[in-house]
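Trainee: I'd like to ask some things about the structure below.
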Amino acid sequence: DAKTTQPPSMDCAEGRAANLPCNHSTISGNEYVYWYRQIHSQGPQYIIHGLKNNETNEMASLIITEDRKSSTLILPHATLRDTAVYYCIVRVAGNNRKLIWGLGTSLAVNP
Amino acid sequence: EAQVTQNPRYLITVTGKKLTVTCSQNMNHEYMSWYRQDPGLGLRQIYYSMNVEVTDKGDVPEGYKVSRKEKRNFPLILESPSPNQTSLYFCASSSERREQYFGPGTRLTVT
């Protein structure tokens, strides 16, 4: 599985959009981009995933560049409850073997 | 409610005393994994299972055992715990091609 690079920390004002970048320059054609978040020391929570098209669900939007070497997770209206560590990982669909999680981005949403 | 449960949630034990952390999921998922999370190292996979009686090592399997006798259960066994196994442990499950669901975590301290 390809490795990802994320900034260690970011800040965002409450009510504003939070844009979290992820670099995955070695991604293969059959690898999906997945985003999870972890609040305090709770179990990570799935947010969204995509292959090459942009995706949106009730939690967030995922923008993947045309060359698929990077992506951005967008929380459109961040709230204090969105303060968490956000992880971007890439994996082949159906393959949970040896996923590389990295340290993620610690997002602080400020009032 | 779809969920992954882990027990115990907190455990303090002594070096060498065998222990088992249980994990159970009610979603009929084929895939299950165990992770440990340590400060500065992120989530690292210990073992994973693709189905009943099918298990394989992750990145950090030394000192751990697993079994998958039933689809819903995937216990993590520490035959002779040592202080370097003090960590936060997560169990996760998923069906093929879908996201992982994580348990609430087990905080283990080995003295």
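Trainee: Top to bottom by accessible area (1.4 Å), largest first, where do B:Arg36, B:Arg98, A:Arg16 land?
Mentor: Greatest to least solvent exposure: A:Arg16, B:Arg98, B:Arg36.
Trainee: Now, a different point. If the reach is capped at under 21 angstrom between alpha carbons, list the lysines near B:Lys18, excluding any in the same chain fewer than eight residues apart.
Mentor: Within reach: B:Lys57, B:Lys65, B:Lys69.
Trainee: Can you list the residues of the range A:7-50 whose accessible area drops by at least 30 Å² going from the chain on its own to the full set of protein chains, with a 1.4 Å probe?
Mentor: Checking the loss per residue gives A:Tyr36, A:Gln38, A:Ser41, A:Gly43, A:Pro44, A:Tyr46.
Trainee: Moving on. How big is the A-B contact in terms of buried accessible area, both chains counted, 1.4 Å probe, rounded to the nearest 100 Å²?
Mentor: Buried surface at the A/B interface: approximately 1800 Å².
Trainee: Please compute the net charge surrounding A:Leu75, taking Lys and Arg as +1 and Asp and Glu as -1 over other residues with Cβ under 10 Å from its Cβ.
Mentor: Charge balance near A:Leu75 sits at +1.
Trainee: A follow-up question, please. In nm, to one decimal, how far is the modelled label at A:Val92 from the one at B:Ala2, with both set 7 Å along Cα→Cβ?
Mentor: About 2.4 nm separates the two model spin labels.
Trainee: Note down the relative contact order for chain A as a percent, whole number, built from C-alpha pairs under 8 angstrom at least six residues apart.
Mentor: This gives 38 percent for chain A.
Trainee: First compute the accessible area of chain B with a 1.4 Å probe, then give the percent of it belonging to carbon and sulfur atoms.
Mentor: That share works out to 48 percent.
Trainee: Another question, then. Using just the Cα positions, wrap the protein assembly as shown in a convex hull and report its mean projected area in square nanometres, one decimal place.
Mentor: The directionally averaged projection comes out at 12.0 nm².
Trainee: Could you work out the mean count of beta carbons from other protein chains within 10 Å of each residue's beta carbon in B:42-53?
Mentor: So the per-residue partner count for this stretch is 3.
Trainee: Continuing with this model, one more query. Of all the accessible heavy-atom surface of the range A:29-108, with the other protein chains kept in place and a 1.4 Å probe, what percent is carbon and sulfur?
Mentor: Heavy-atom surface of the range A:29-108 belonging to carbon and sulfur, 1.4 Å probe: 50 percent.
Trainee: In the protein assembly as shown, what percentage of the DSSP-assigned beta bridges are antiparallel, given to the nearest 5?
Mentor: Of those bridges, close to 85 percent are antiparallel.
The values are calculated or read from the model by the stated rules, or taken from the named source; none is laboratory data. All values derive from a computational prediction rather than experimental measurement. Here Cβ is always computed from backbone atoms with ideal geometry, including for glycine, and neighbour counts include all displayed protein chains. Areas reflect the complete protein model, heavy atoms only, side chains present, ligands, DNA and RNA absent. Shrake-Rupley method; radii C 1.70, N 1.55, O 1.52, S 1.80 Å.
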